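What follows is a set of notes on a single structure, which appears directly below.
Where a number appears in this text, it was derived from the coordinates with a stated rule and is not lab data. Remember, it's a predicted structure, so these values are computed and weren't measured experimentally. Heads up, the Cβs are rebuilt from the backbone with ideal geometry, glycines too, and the neighbour counts pull from every protein chain shown.
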Ligand code: ADP
Ligand code: ZN
């Protein structure tokens, strides 16, 4: 059931006591970093002033901008020779940031990944195919070491080359995959082209879906097509990478490993804590990192804390699947929309394929949204009336959900550009 039972089921007061001890150590360590030296001096904060977990609110937030400005070594809290690994963010929203680890940091990161994978039911006898990019991106190596520590045969194939992925799955009886959800959807088409049925022709039983927002409906589609259970995996390079939040077998929110991270949910505008259970921006503090501790990092990811204990028996609190980043929010005709809302709606509609794209344009003072949707091939042969009916249906479904009427363009499968990494859902052609 548990990889590290004592920690995973630790009563909340004990967990908080552990967090407090680790917070004090972290703040004291951070005080050695040039960046935090300045921050502490400016705010008159002494590490000794942290006398309870709540005192964390006396520490200023750290932002992605701070990390960018401290490039390359401004947040190091140890001598450079103590470091053994560098990683970087994907650079989805601008210049990427770099993160450094000591050997002990990597050890702790590996622990939480092993714990996460074990929690979903993955075991030593599994064959794990890691379909995430290796290299600076954290998804590859992070999971790799976790799976090896668990004792599973690990295939470090990396991203892309769909046919080879399928071949490997079949030849080596892969049971567990780690994959980006948009790529998992795309791969279904390759399976179909090759007339391989994962349910019949593979032994897949578990998938870890991570790196980008996706809806419950997408999870269900993936589970149905591949015949497996899919678990949501959340992380960000600034907090190591994957292993920050992970679903257990209950699939009812992601447990955040609170012995490693201190989480807060704040209102992104006022930066005050939100009321219990309300949505806000996730703010994280590393509790076990020595090389590059980060205090109160504004992730920009929106989520909420799910109240109450989890049926699995773990005490670490759960968060809801991420809605998106505050930066991802589209404002069109005064309406706020997250791309994942559109994804959710589209994935519920029969006939909708595996890929879509949102294009924003400005004509005069008006913003226009065009949703380009791949639909099943059969709509393009024979009676085109069916295609028009589907287009109307999709338009109406979207309108009822997002309250503006987009122009919907229907496309044949495999028309939209695909990426090996995170899907690019929005093309914003509005110029200000
Ligand atoms: P970048 O911030 O440049 O994209 P990262 O590779 O560190 O680089 O990506 C981390 C971000 O990816 C998170 O902050 C979050 O926005 C997104 N992300 C990762 N996993 C998930 C997930 N399971 N659900 C939703 N979003 C996710
Ligand atoms: Zn649970």
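Just how far, in whole angstrom, is the stretch 30-58 from the stretch 278-328 if you go by their alpha carbon centroids?
The two parts, judged by their Cα centres, are 21 Å apart.
Would you please give the FRET efficiency between residue 49 and residue 86, computed as 1/(1 + (r/R0)^6) with r the Cβ-Cβ distance and R0 = 30 Å, to the nearest 0.05?
Plugging the Cβ-Cβ distance into 1/(1 + (r/R0)^6) gives 0.40.
Please list, by residue number, everything in the stretch 336-373 whose backbone N is under 16 Å from a paramagnetic label point 7 Å out along Cα→Cβ of residue 431.
Correct set: 360-366.
R0 = 56 Å: FRET efficiency of residue 307 with residue 161, Cβ-based, nearest 0.05?
The computed FRET efficiency comes out at 0.80.
Output the 0 to 90 degree angle, nearest 10, between the alpha-carbon long axis of helix 384-402 and the longest principal axis computed from the alpha carbons of the chain.
30 degrees
How large, in Å, is the stretch 22-92 by the Kirkwood hydrodynamic radius built from its alpha-carbon pairs?
Averaging 1/r across every pair of different Cα atoms and inverting gives 13.4 Å.
Using alpha-carbon pairs under 8 Å, 6+ residues apart, how would you state the relative contact order of the chain in percent?
Rounded, it is 15 percent for the chain.
Label points 7 Å out from Cα along the Cβ direction at residue 38 and residue 24: separation in nm?
Label at residue 38, label at residue 24, 3.0 nm between them.
Taking the C-alpha atoms of the stretch 335-428, how large are the radius of gyration and the largest Cα-Cα span, Dmax, in Å?
Spelled out, the Cα radius of gyration and Dmax of the stretch 335-428 are 13.3, 40 Å.
So if the hydrodynamic radius of the stretch 1-151 is defined as the Kirkwood radius over C-alpha pairs, what does Stokes-Einstein give as its diffusion coefficient at 20 °C and 1.002 mPa s, in µm² per second?
121 µm²/s
Starting from the Cα of residue 424, step 7 Å along the direction of its Cβ; do the same at residue 12; then give the gap between the two resulting points in nm.
4.5 nm
Test of understanding: what is the full-extension gain from residue 58 to residue 4, defined as 0.36 nm times their sequence separation minus their Cα-Cα distance?
Extending this stretch completely gives an extra 16.2 nm.
Roughly speaking, what is the centre-to-centre gap between the stretch 409-432 and the stretch 338-399 when only Cα atoms are used, to the nearest Å?
Result: 12 Å between the Cα centres.
Find how many whole Å separate the alpha carbon centroid of the stretch 190-255 from the alpha carbon centroid of the stretch 92-134.
Distance between centres, Cα-based: 15 Å.
Give me the three principal axis extents of the stretch 217-367 from the C-alpha atoms, as integers in angstrom, largest value leading.
51, 42, 31
Run the simple label-point estimate for residue 370 and residue 272 please: 7 Å along Cα→C-beta, distance reported in nm.
With each label point 7 Å from Cα toward Cβ, the separation is 4.4 nm.
Would you please give the FRET efficiency between residue 384 and residue 326, computed as 1/(1 + (r/R0)^6) with r the Cβ-Cβ distance and R0 = 41 Å, to the nearest 0.05?
After rounding to 0.05, the efficiency reads 0.50.
Please identify which residues in the stretch 333-347 have an amide N closer than 20 Å to a label point set 7 Å out from the Cα of residue 192, following the Cα→Cβ vector.
343-347
Between the helical axis of 138-150 and the dominant principal axis of the chain, each derived from Cα atoms, what acute angle in degrees is found, rounded to the nearest 10?
Once rounded, the angle reads 70 degrees.
Would you kindly give the portion of the calculated P(r) for the stretch 152-218 that falls above 13 Å, as a percent of all Cα pairs?
65 percent
If eta is 0.692 mPa s and T is 37 °C, what Stokes-Einstein diffusion coefficient results for the chain, Kirkwood Rh from Cα pairs, in µm²/s?
D, rounded to a whole number, is 143 µm²/s.
Compute the Cα gyration tensor for the stretch 185-277, then decide on rounded, prolate or oblate, letting a ≥ b ≥ c be the square roots of its eigenvalues: rounded whenever a/c is under 1.5, prolate when a/b is larger than b/c in the other cases, and oblate in all that remain.
Because a/c hits 1.5 or more and a/b exceeds b/c, the stretch 185-277 counts as prolate.
Can you give me the angle between helix 34-43 and the longest principal axis of the chain, using Cα atoms only, in degrees from 0 to 90, rounded to the nearest 10?
70 degrees
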